[in-house]
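Here is the structure we will look at, set down as structure tokens.
Bear in mind that the values in this text are calculations on the coordinates, not laboratory data. In this text, all values refer to a predicted model and were calculated from it rather than measured experimentally. In this analysis, Cβ positions are derived from the backbone assuming ideal geometry, glycine residues included, and neighbour counts consider all displayed protein chains.
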Amino acid sequence: MTTKTLPLLLAAGALVTSALVVAANAKPTRAARPAALASATLKAIDGTPRGKAWIANRNGRWELKIEVTGVAPGAHGAHLHTVGKCEAPDFSTAGGHLNPHGKLHGTANPQGPHLGDLPNLIAGTDGKGALTAGLTGTAAQLTAALFDADGTAVVIHAGPDDNRTDPSGNSGGRVACGVLTRG
């Protein structure tokens, strides 16, 4: 080893040590959420925030995810509705369930389901709940159905959906609503 190489080796060692210290102190990062095709902010009738919803492609499958807070514990019907309007006093401006293929309501209905029929969202005693539901169709098909002339809303109902009764599953009043927007 010559006197010229010793400073180079010391400098390289210092760089490696610095890199290891930085890596050891780095905070872990969460996995990036896939880019959303659509998203919505859910609100109660009085405008209080109630959660969010988004549609994204995960592992080649389109999924709708909904997260809510401040709802009653238990099961709640959740649906995509035909009109992108969420107006008081009861969110009836969101129309009926999104049903571009003319099916009957419910995943348990042999002549169903609507595109807008989703599993029940289950909220815990803390008022928080979530659901993930697969959606059928390509990005182009979903975009056409969701972003037609009057848009689409995500609606959370007061009670559980029976997954069978046409047209709405007897899921009760609408307690949260959000309009889907692109991305």
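So here's what we get for this one:
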item: Residue ranges of strands (runs of 3 or more DSSP E) in the stretch 39-113 with at least 2 members closer than 16 Å to residue 135 by Cβ and hydrophobic (A, V, I, L, M, F, W, C); result: 49-58, 61-68, 78-81
item: Subset of the stretch 117-142 (residues that are surrounded by 14 or more Cβ atoms within 10 Å (Cβ to Cβ) and on the phi > 0 side of the Ramachandran plot); result: 137
item: Close pairs from the stretch 67-82: first under 19 Å from residue 41 (Cβ atoms), partner assigned to a strand (DSSP E or B) and charged (D, E, K, R), Cβ under 8 Å, at least 6 apart; result: 67/52; 68/50; 69/50; 70/50; 71/50; 79/117
item: Total residues in the stretch 163-183, condition farther than 15 Å from residue 72 by Cβ, part of a strand (DSSP E or B) and not aliphatic (A, V, I, L, M); result: 4
item: Hits in the stretch 148-167 - residues which are more than 24 Å from residue 89 (Cα to Cα) and touching a strand residue (DSSP E or B) at 6+ places or on another chain (Cβ under 9 Å); result: 163
item: Hey, residue 114 touching a residue at least 60 places away in the same chain (Cβ under 8 Å), buried (at least 20 other Cβ atoms within 10 Å of the Cβ) and not hydroxyl-bearing (Ser, Thr, Tyr) or not; result: no
item: Scan of the stretch 133-162 for residues that are touching a helix residue (DSSP H, G or I) at 6+ places or on another chain (Cβ under 6 Å) and either outside any strand (DSSP E or B) or without any contact (Cβ under 8 Å) to a residue 12 or more places away in the chain (or both), ordered by number; result: 152
